[in-house]
Amino acid sequence: MRDHPHMKSAPAAPDRANAAVRLDIWLWAARFYKTRALAKQAVEGGKVEINGAAGKPAKPIKPGDRLRVTRGEDRYEIDVVALSEARGPAGVAQQLYRETDEGRALREAAAGQRRLIGADQAKPRGKPDKRARRLIRALGDIDAF
């Protein structure tokens, strides 16, 4: 096909070696958060650090970056290995990052401490019955007093 002066050429394919992906999209694709909105909310809430600094949802990340992700009571320290903008199976998502040995040891130690703390607490017999549910509802937000 001949070049026509009014026809636009197709955009050049991006160079994958220098490519970067938005932080919130990568966290979603790596399955740290169930939705991209939750990932964005976590980043805005200061739950994600990139290379020791606070992250922003649109911050581009690239392989070699170190992330600290706080999810619930767990804190992950990971190195970005690969990029993806698409959410795939868990096995593929786990190949996008590598957890540091120190981070894994700290996270497992914290989980062990939580298990020990919970071991000495009495477990409830079961679900509360109708009378107990009414009492719970009547008390409402007792901490507000």
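Taken together, the values in this text are just the output of simple stated rules run on the coordinates, not laboratory data. All of these numbers come straight from a predicted model, not from anything done at the bench. Cβ placement follows ideal geometry from the backbone for every residue including glycine, while neighbour counts extend to all protein chains displayed.
Conditions (1) surrounded by 15 or more Cβ atoms within 10 Å (Cβ to Cβ); (2) of a type in the set (A, V, I, L, M, F, W, C); (3) free of Cβ contacts under 8 Å to residues at least 12 places away in the same chain; (4) outside any strand (DSSP E or B), marked per residue:
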| position | (1), (2), (3), (4) |
| --- | --- |
| Gln41 | no, no, yes, yes |
| Gly91 | no, no, yes, yes |
| Arg107 | yes, no, no, yes |
| Ala111 | no, yes, no, yes |
| Gly118 | no, no, yes, yes |
| Ala122 | no, yes, yes, yes |
| Gly126 | no, no, yes, yes |
| Ala132 | no, yes, yes, yes |
| Ile136 | no, yes, yes, yes |
Quiz prompt | Residue that is touching a helix residue (DSSP H, G or I) at 6+ places or on another chain (Cβ under 8 Å), within 23 Å of Ala19 (Cβ to Cβ) and exposed (fewer than 11 other Cβ atoms within 10 Å of the Cβ), where the choices are Ala58, Ala86 | solution = Ala86
Quiz item: Taking interchain pairs and intrachain pairs at least six residues apart, which have beta carbon atoms under 7 angstrom, with the first residue in region 44-63 and under 20 Å from Arg75 (Cβ atoms) and the second hydroxyl-bearing (Ser, Thr, Tyr)?
Solution: Lys47/Thr70
